Amino acid sequence: MNEVESLALAGLLHDIGKFRQRSGEILPDKSYELSAYCPFLEDKGYFTHQHAAHTAEFLKGIVGKQIQKSFVETMIGSESFENISSKHHKPSTPKEWIVAIADRVASGFEREAFEKYNNADDRQKENLKYYEVPLDNFFDESKIFALEKFSSKSIYPTKHEKLTKEVYAKLYEAFLKDIAKLQERPKANFENGLDFLLRKYTSFIPSSTYGTKANIPLYDHLKTTAAFTSALAKYHENDMELESIKSYDKEKFILIAGDFFGIQNFIFENLPTEKAAKILRGKSAFIQIFIKVVALDICKKLGLSKLSIVSDNAGKFEILAANTQETQEKLQQIQKELNEWFLTNTFGQSGMGISYIEASANDFTSGKFQQLRERLAKQIELSKYKKFNLTSQKAVFEIETKDNAHLCKTCNKRFKNNTNSDTACEFCNIFIKLGEKLAKAESIQIIANTKGEVPIYKDYAVEFKSFINVDSEIVYDITNDETFRGYAKWALKSYVKFSEHEKRVEEFAELALESCGGDSVGVKALMSLKGDVDNMGKFLSKQDEKTKLPIIDSFAKFNFVSRLIDYFFSVKVSQMMDGKNLYTVFAGGDDFFIIGAWDEVIEIAKEIRAEFLAFVSGSELTVSMGGVMFKSSKPINYVAHLSEEALEDAKALEGKDGISIFDESVKWDDYLDDLGLFEELENANVNTAFTYRLLEFVGMSKKVKYNGDIASTLWKSKLNYSFNRNMDKGSISLLTVVDKMIEKYPKEAKMKISEFIYKRRD
């Protein structure tokens, strides 16, 4: 590790003492040890912020020594790693001050506010002791997060209860055991592995329990501090003057945002339906890998730690960098290289915009952070309108026209080098390989500056291997379980139906045949389902009722909320689909796209909505979805376009929170509350002619309700006539429900009747 990387790691571990302290571990009974790390209150007669001394003890312990010996230089220059990490409340040297300032900015403290906090009595003033305070649930302040490992179960809110040292101790012991596994793995994986373990074990530990809401996880504070430390270390590598390091006013930071635009076009354009199941998964995975690779490449070129990558998911990444002339020049060069790559490989139909804004420490403090986010959002939006600079790059594509050139049958726009009709061009072959490898792989290895199994970007490639065969490059565990094997986990393997007998991903036509339980009765078709979180902007800009300040007022809080929602869609939703006849096109960030047996898609839509509302209970967040039923022969690009339109219709409803299927868009609650119509239809001996007549009456009722068509009011008498002719008197409850549904809720009635018909039709 170089000095910037070592300092970033010191920032990542600076508050690990809070975990140690709350688990019941004790400090040596030596006041001089405390005086080195902790402020002393003369009037009170004791040391405060003793977690800093616990950080030192952690780093002096067996695990801490192994970390330093194996992966970090014990001395960073002439200073010890232990002191730089531990002395953030009593810094004296420039490097100690870099971590201290990073800690303060990451906390969202203004300079004066932190000094006041640092010199105050930090002992818990309420009834709860410091280790008894739980992490407040960000979505529902009346509830908390349980103190557990980060998982798809622990992300849900639970009732208020005080914590105990015993619960902390159990978690801390498991943390130390998992850290020991890092020693068995190649050194190149240490940063990612430690970062992952901190996320796994400290995501539901409150960062602070003194005089503030306990709603920032320790992990997000640690990770944000590491990113600020990396940027400050790079900025000050040639200027270690203390007053300069302490400055809050100078614009030392650049917040970089990468945005992969044209994702839908990239995934679906010109994709043959018969090959879609083989390629869609690979294309979706490619985008995730590409995002990570570009982010890693930027950190490498800017001389930053990997910990500078604040986030990288859903086709986007953010990196915190040092604001230097060299940084800005390199970013311009990186953008040019990306443009050339996209022009060559996608003919400019997709691309990646690198946007950035300059910022001072003050811009990350409480009350100003939201303005910072708004500035970045505007810059990202601007970059979408100037995707390629064709005045400085080749604006004309050279198309091969030789007699031996054959068009790729997969993309229908690139040429391949051989005449075999079944083979794809080099670019499409990447996605085919990724799709095939993902089905069986345990791990993915990112290789730089070499030719690997599957090329990704420039000299970067990936290899898929078993854990016992990996070498010293960056490795991620992509298994879907929660076992830690010494490598950071990556939710890259989204769910697809896998044919165990033939060891392959099932084709869409096969999924369609599984509709309606695979029986002979029922339409055999697919449904696409696109979902998106509603009201994210409103939630992120929400203000505290008392202070009128934004609730999400720091990097740590923003990152916490973002990764929780991303985890729900990328991991939880995937787990919910297990064993079903479904296929994930993409899931992550705040949206998802699923294809599968049409009736199972409807059911998973209900389940996802119910689980999401339980997950964000107490907030204004909801999720809208749009579904389109189709035959497996339909062009997948066309289906994706219709799905997007259906989602837009659902989100256009007042208050959003809508579902759009069978060409109707209604509120979720109205769709779910069908007055028992579907059950009544199932229980009654309804013939086919009668159910189709019901759809006719629905159409007439809609004309009355939405167009004021008086003539269409005849639907009521026609319903009675048709019922008396086709049904017996024992089904009178069906008539009551049908009459009410068609009159008051014709759209919902159409959706339920359509579903019933499709499940019965031969």
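The values are calculated or read from the model by the stated rules, or taken from the named source; none is laboratory data. Every value quoted in this text rests on a predicted model; they were computed, and no experiment measured them. Note that we place each Cβ from the backbone using ideal geometry, even for glycine, and neighbour counts take in every protein chain shown.
Computed quantities for the displayed model
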| quantity | calculated |
| --- | --- |
| Count of region 578-618 residues which are in a loop (DSSP other than H, G, I, E, B), farther than 22 Å from TYR758 by Cα and touching a helix residue (DSSP H, G or I) at 6+ places or on another chain (Cβ under 6 Å) | 2 |
| When residues of region 604-634 are limited to those that are polar (S, T, N, Q) and modelled with pLDDT of 95 or more, the one surrounded by the fewest Cβ atoms within 10 Å (Cβ to Cβ) | THR622 |
| Residues of region 264-295 that turn out to be over 28 Å from ASN449 (Cβ atoms) and polar (S, T, N, Q), as a count | 4 |
| Matching residues, region 179-219, being within 23 Å of PRO134 (Cβ to Cβ) and of a type in the set (D, E, K, R) | ARG199, LYS200, LYS213 |
| Residue that is surrounded by the fewest Cβ atoms within 10 Å (Cβ to Cβ) [pool: residues in region 143-166 that are under 25 Å from the mean Cα position of the chain (by Cα) and farther than 13 Å from LEU564 by Cα] | THR158 |
| Condition met for LYS300 (within 29 Å of THR93 (Cβ to Cβ) and in contact (Cβ under 8 Å) with a residue 40 or more places away in the chain) | yes |
| In region 264-283, residue nearest to PHE388 (Cα to Cα) [restricted to those that are modelled with pLDDT of 90 or more and touching a Ser or Thr at 6+ places or on another chain (Cβ under 7 Å)] | PHE266 |
| Residue ID - nearest to PHE190 (Cα to Cα), chosen from residues in region 447-474 that are of a type in the set (Val, Ile, Thr) and at pLDDT 90 or above | VAL462 |
| Residue in region 723-732 that is more than 26 Å from SER660 (Cα to Cα), assigned to a helix (DSSP H, G or I) and of a type in the set (Gly, Ala, Ser) present | yes |
| Every residue from region 1-36 that is of a type outside the set (Ser, Thr, Tyr) and touching a strand residue (DSSP E or B) at 6+ places or on another chain (Cβ under 7 Å) | GLU3, LEU7, LEU34 |
| Test: residue in region 434-443 that is modelled with pLDDT of 90 or more and either part of a loop (DSSP other than H, G, I, E, B) or touching a Pro at 6+ places or on another chain (Cβ under 8 Å) (or both) | no |
| Helices (runs of 4 or more DSSP H) enclosed by region 664-717 - at least 3 residues per element that are under 40 Å from the mean Cα position of the chain (by Cα) | 668-672, 677-683 |
| Residues located in region 497-516, provided they are touching a residue at least 12 places away in the same chain (Cβ under 8 Å) and of a type in the set (Gly, Ala, Ser) | ALA509, ALA512, SER515 |
| Close pairs (8 angstrom Cβ cut-off, 6 or more residues apart or separate chains): at positive phi in region 355-369, not in a loop (DSSP other than H, G, I, E, B) anywhere | GLY367/PRO550 |
| Residue that is nearest to the chain's Cα centre (by Cα), among those in region 344-373 that are in a loop (DSSP other than H, G, I, E, B) and not basic (Lys, Arg) | SER350 |
| LEU376 vs. criteria at pLDDT 75 or above, outside any loop (DSSP other than H, G, I, E, B) and closer than 19 Å to GLY262 by Cβ | no |
